[in-house]
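**Student:** Input: one structure, supplied below.
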Amino acid sequence: MQKKIFFLGFVLIMTGTLSLKAQYAREDSTYKRYFVGSTLFLLGNLAPTNPPGFAQINLGYRITGKDVISLELITWKHAWPLGINPFYDKSYGKPEEKYPGYIREYGVGLAYQRYFWKGLYVAVHAMPMWQTFKKENGDKLDNGFIIFNTNRVGYHIKLFKDRFFIEPSLGVAGRAFYTEMPKGFKEKDDKWPKYTPEPGLHFGVNF
């Protein structure tokens with residue numbers, strides 16, 4: 001269900017906006033330097049089973065017309081290894097691949113975007129995340145720490161005279177560093193890769 005919600009939203013927005021242009025010229029002093037935004041992954045919270053309790057806010061600043069930095073605040077929980085890609089791997093959601101509980105994660109990250117042709121950009125995200133491992137009943141088992149990285153290629157699309165924007169993208173996301181997981185979690189996680197492809201659709205408000 002989560003996959004269908006995300007994919008439907010992605011297709012509808014893309015088909016409705018592909019004709020629009022977006023670019024921030026280096027010599028243009030009128031573009032809005034600040035923005036606040038989030039991601040369409042929020043729709044996953046509407047899933048009837050295993051909602052991720054996902055929240056994200058991005059606070060950004062355009063250094064120049066081609067260089068952008070942003071601070072990202074994020075939290076989610078997951079009961080399956082992150083290496084199981086929910087968009088194409090049928091193992092996602094299967095009971096035999098589930099952790100003996102779940103992991104709640106909180107992160108504060110930094111992202112850098114570089115435009116290199118009109119609205120086309122590349123981005124690097126680095127996010128330290130603090131983990132809490134919990135049993136099925138919610139009791140705490142242990143703490144952990146990861147550094148979560150995402151590398152993206154996307155396109156920035158201006159909407160409504162540059163008041164709003166969307167950024168469809170494709171990326172590769174995973175853990176560059178992680179502490180050892182508790183018994184039961186580690187055995188499940190070790191079976192899967194630490195990086196996986198990840199589509200994205202960020203949106204925001206400029207000011």
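Coordinate-derived values only; no laboratory data. These numbers were taken from a predicted model, which means no experiment stands behind them. So basically every Cβ, Gly included, is an ideal-geometry build from the backbone, and we count neighbours across all protein chains shown.
**Student:** State all residues of segment 59-83 that are under 16 Å from PHE148 (Cα atoms), touching a strand residue (DSSP E or B) at 6+ places or on another chain (Cβ under 8 Å) and of a type outside the set (S, T, N, Q); if no residue qualifies, say none.
**Tutor:** LEU71, GLU72, LEU73, ILE74, TRP76, LYS77, HIS78, LEU82, GLY83 - these are the residues of segment 59-83 that are under 16 Å from PHE148 (Cα atoms), touching a strand residue (DSSP E or B) at 6+ places or on another chain (Cβ under 8 Å) and of a type outside the set (S, T, N, Q).
**Student:** Okay, moving on. Could you tell me which numbered condition GLY93 fails, if it satisfies all but one of (1) under 18 Å from THR196 (Cα atoms); (2) under 16 Å from the mean Cα position of the chain (by Cα)?
**Tutor:** Just one mismatch for GLY93, condition (2).
**Student:** Please indicate, with yes or no, whether at least one residue in segment 87-98 is in a strand (DSSP E or B) and surrounded by fewer than 16 Cβ atoms within 10 Å (Cβ to Cβ).
**Tutor:** So far as segment 87-98 goes, no, none of its residues is in a strand (DSSP E or B) and surrounded by fewer than 16 Cβ atoms within 10 Å (Cβ to Cβ).
**Student:** For segment 117-149, which positions are closer than 22 Å to TYR99 by Cβ and β-branched (Val, Ile, Thr)?
**Tutor:** Result: THR132, ILE146, ILE147.
**Student:** Moving to a separate point now. VAL108 - would you say it is among the β-branched types (Val, Ile, Thr), touching a strand residue (DSSP E or B) at 6+ places or on another chain (Cβ under 7 Å), surrounded by fewer than 19 Cβ atoms within 10 Å (Cβ to Cβ) and within 19 Å of GLU167 (Cα to Cα)?
**Tutor:** no
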